[in-house]
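Chemist: Starting off with a structure, shown below.
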Amino acid sequence: MIIAIDGPAGSGKGTIASLVSKKLNLVNIDTGATYRCVALEMLKEGVNLEENDKIIEISKNVDINLTEDSRVFLNKEEVTDRIREKDVTKIVSQVSSIEKVRENLVALQRNMAKGKNVIMEGRDITTVVFPNADFKFYLDASLDERVKRRFEQNKEKGIDMSESEIRDNIAKRDYNDMHKKVGALKKTDDQIYIDTSNMTIDEVVNKIVNIVKEGN
Ligand code: DC
């Protein structure tokens, strides 16, 4: 079974997918982490955003491992928290706009799901990676709410970003993510749309779990 979830930054995809995966016994695949790993590897190698060929090369060769307990390994080194930091967050949307990078990472993501029951979240999962998924959801929330959530989440993780920096970053990423030539974040008629602005995490999780249980 494949459950696909798309939505903008801060819509709750990561938290919700992780909780639903435990309730339904699915492997949780955070595709944003794969783009973040490529961005981090660029920073490590001193590659800048103009060096498309080098970025594409990195996306082809990096060794990315997402573990069952949601930890992220890049070339065997744990980077779970490192990939959420400001420097990576600032460049990742642009990195994900490079079409060849997307091709390489979409192939990797499909491979990660092979033969497994998965819940996969990102921006183009319902449209490009698994357009024939068993269930397709679009999670949304107002910009204010998403900024608030990301601020709280960063505080817990010890990431130092002000609310205005977060608002600016999310607004820019929203624009970029929705206007990519390939793999843009899109609302479609065949997704189940959930506005989580006024919902608790449990309410969203239960809604998704019930839909999946009823639909099976
Ligand atoms: O979900 P996230 O914020 O960790 O994602 C990081 C960036 O990666 C985001 O700005 C857009 C990009 N991304 C993408 O283009 N396609 C995906 N399937 C997942 C993420």
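Chemist: With a 1.4 Å probe and all protein chains left in place, how much accessible area per residue does the range 71-212 have, in Å²? All intermediate terms of the calculation are to be shown ahead of the outcome.
Modeler: On the way: 7470 Å² over 142 residues.
On a per-residue basis, 53 Å².
Chemist: Go through 196-205, 125-134 and give me the packing order, highest mean Cβ count within 10 Å leading. Can you show the working numbers first?
Modeler: On the way: 196-205: 14.9, 125-134: 19.5.
Those peptides, ordered most packed to least, come out 125-134, 196-205.
Chemist: For a test of understanding, tell me how many lysine pairs in the range 2-91 have Cα atoms under 17 Å apart, given they are 8 or more places apart or on different chains. Intermediate results must be reported in sequence, preceding the final value.
Modeler: Numbers: K13/K22; K13/K23; K44/K54; K44/K60; K44/K76; K44/K86; K44/K90; K60/K76.
Taking the Cα cut-off of 17 Å, the pair count is 8.
Chemist: Still on this model: Two decimals is fine: what's Rg over Rh for the chain, C-alpha atoms, Kirkwood radius as Rh?
Modeler: 0.93
Chemist: Would you mind calculating the gained length between D190 and L24 on full extension (0.36 nm times residue separation, minus the Cα-Cα distance), in nm to one decimal? List each step's numbers first, then the result.
Modeler: Details: separation 166, 0.36 × 166 = 59.76 nm, distance 2.20 nm.
Taking D190 through L24 to full extension adds about 57.6 nm, to one decimal.
Chemist: The range 108-176: Rg/Rh from Cα coordinates, Kirkwood Rh? Mind dumping the intermediate values first?
Modeler: Numbers: Rg = 15.4 Å, Rh = 14.3 Å.
Expressed as Rg/Rh, it is 1.07.
Chemist: Roughly speaking, what is the stretch gain from R71 to N52, that is 0.36 nm per residue apart minus the C-alpha to C-alpha distance, in nm to one decimal? Numbers along the way, then the final one.
Modeler: On the way: separation 19, 0.36 × 19 = 6.84 nm, distance 2.78 nm.
The R71-N52 span can extend by a further 4.1 nm.
Chemist: Leaving out ligands, DNA and RNA, what percent of the accessible area of the range 1-130 is carbon and sulfur, probe 1.4 Å? Please list the in-between numbers first.
Modeler: On the way: 2580 of 5560 Å².
That share works out to 46 percent.
Chemist: Next question, about the same structure. Quick one: length gained pulling N198 to L143 fully straight, 0.36 nm per residue minus the C-alpha distance?
Modeler: On the way: separation 55, 0.36 × 55 = 19.80 nm, distance 1.25 nm.
Once the chain is fully extended between N198 and L143, it gains 18.6 nm.
Chemist: If you plug each phi of the range 157-162 into the Karplus form 6.51 cos²θ - 1.76 cosθ + 1.60 with θ = phi - 60°, what whole-Hz ³J(HN,Hα) values come out, in order, with x for Gly and Pro?
Modeler: Karplus values, whole Hz, x for Gly and Pro: 8, x, 8, 8, 9, 6.
Chemist: A follow-up question, please. For the range 133-183, run through the trypsin sites (Lys or Arg not before Pro) and keep only the ones in DSSP coil with at most 14 other Cβ atoms within 10 Å of their Cβ. Intermediate results must be reported in sequence, preceding the final value.
Modeler: Values: sites: K136, R146, K148, R149, R150, K155, K157, R167, K172, R173, K180, K181; in loops: K180, K181.
Those satisfying the criteria are K181.
Chemist: Here is a follow-up. Among the DSSP beta bridges whose two residues both lie in the chain, what percent are antiparallel, rounded to the nearest 5?
Modeler: Antiparallel bridges make up about 25 percent of those DSSP assigns within the chain.
Chemist: Return the calculated 222 nm mean residue ellipticity for the chain, to the nearest 500 deg cm²/dmol, obtained by summing -39500 (n - 2.57) across DSSP H runs with n ≥ 4 and dividing by the residue count. Could the numbers behind the result be given before it?
Modeler: On the way: 8 runs with 108 residues, N = 216.
Here the helix-only value at 222 nm equals -16000 deg cm²/dmol.
The values are calculated or read from the model by the stated rules, or taken from the named source; none is laboratory data. Being a predicted model, the structure only gives us computed values, none of them experimental. Every residue, glycine as well, gets a Cβ built from its backbone with ideal geometry; the counts of neighbours run over all protein chains shown. The area values use the complete protein model at the heavy-atom level, side chains included, leaving out ligands, DNA and RNA. Shrake-Rupley method; radii C 1.70, N 1.55, O 1.52, S 1.80 Å.
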